[in-house]
Amino acid sequence: KAGVTQTPRYLIKTRGQQVTLSCSPISGHRSVSWYQQTPGQGLQFLFEYFSETQRNKGNFPGRFSGRQFSNSRSEMNVSTLELGDSALYLCASTNEANTGELFFGEGSRLTVL
Amino acid sequence: KQEVTQIPAALSVPEGENLVLNCSFTDSAIYNLQWFRQDPGKGLTSLLLIQSSQREQTSGRLNASLDKSSGRSTLYIAASQPGDSATYLCAVRGDLLTGGGNKLTFGTGTQLKVEL
């Protein structure tokens, strides 16, 4: 059974650009959530999607957005990149009908120059 | 606002030692608590999940306990090995009635090094 897949794994952007990250959840999981991990702030919740609807949102500026498709795959977008957006972006999926355990992907490492 | 604290921040032990990692949280209205392991530059690997109604969970050499009323959880690692070296994170999920959804609040982690 395939795990959570995130693409791309690594990317480098410059300030002002935008970036789109993709997440394919475990088959059958309908909930996808996104987290940002930095050395200074640790792991912080960005948002969660369930059945194509944003169900929860963390305290991030509007430059951070996401969406979920009918097949549960999710994308997050960061516009007008800033140096401080450099981070590991992690996606997690869960099957709420089961234990509610979250499973994470390997992450997308974003570097903003 | 839920806050999660992990002590110690770093730990170095000789191989074979039994050890305990601590996690505390400020709001006892949780749905579950999950322990993760993270290797450098990698994603998070789920180790154990404890539902709010449970007291402990075991998997191999790992045992996690939960005392919801006091806001504490411990992860016990028996007979530690060099391969256990990683950062260990605990995370709590809020009560569904308070709109926690699948949002996890993470601690800052304990960086463990097991030496030969």
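Quick note: the coordinates plus some simple rules give every number you see, no bench work behind them. The shown structure was predicted, so the numbers you read here are calculated from the model rather than taken from an experiment. Virtual Cβ from ideal backbone geometry, glycine too; neighbours counted across all protein chains shown.
A compact table of results
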{"read-out": "GluC sites (Glu not before Pro) restricted to DSSP loop in the stretch A:9-97 with at most 16 other C-beta within 10 Å", "value": "A:52, A:82, A:96"}
{"read-out": "Residue order, fewest to most surrounding Cβ atoms within 10 angstrom, among A:50, A:60", "value": "A:60, A:50"}
{"read-out": "Sequence ranges B:67-77, A:62-72, ranked by mean other-Cβ count within 10 angstrom, highest first", "value": "B:67-77, A:62-72"}
{"read-out": "Over the protein assembly as shown, volume per residue of the alpha carbon convex hull, in Å³", "value": "124 Å³"}
{"read-out": "Per-residue Cβ neighbour rank within 10 angstrom, fewest leading, A:108, B:12, A:24, B:65", "value": "B:12, B:65, A:24, A:108"}
{"read-out": "Likely footprinting exposure, A:88, B:21, A:102, fewest C-beta neighbours within 10 Å first", "value": "A:88, B:21, A:102"}
{"read-out": "Rg to Rh quotient for chain A, alpha carbon positions, Kirkwood Rh", "value": "0.96"}
{"read-out": "With 5 Å bins from 0: P(r) over the stretch B:1-87, alpha-carbon pairs, percent", "value": "3, 13, 24, 25, 20, 10, 4, 0"}
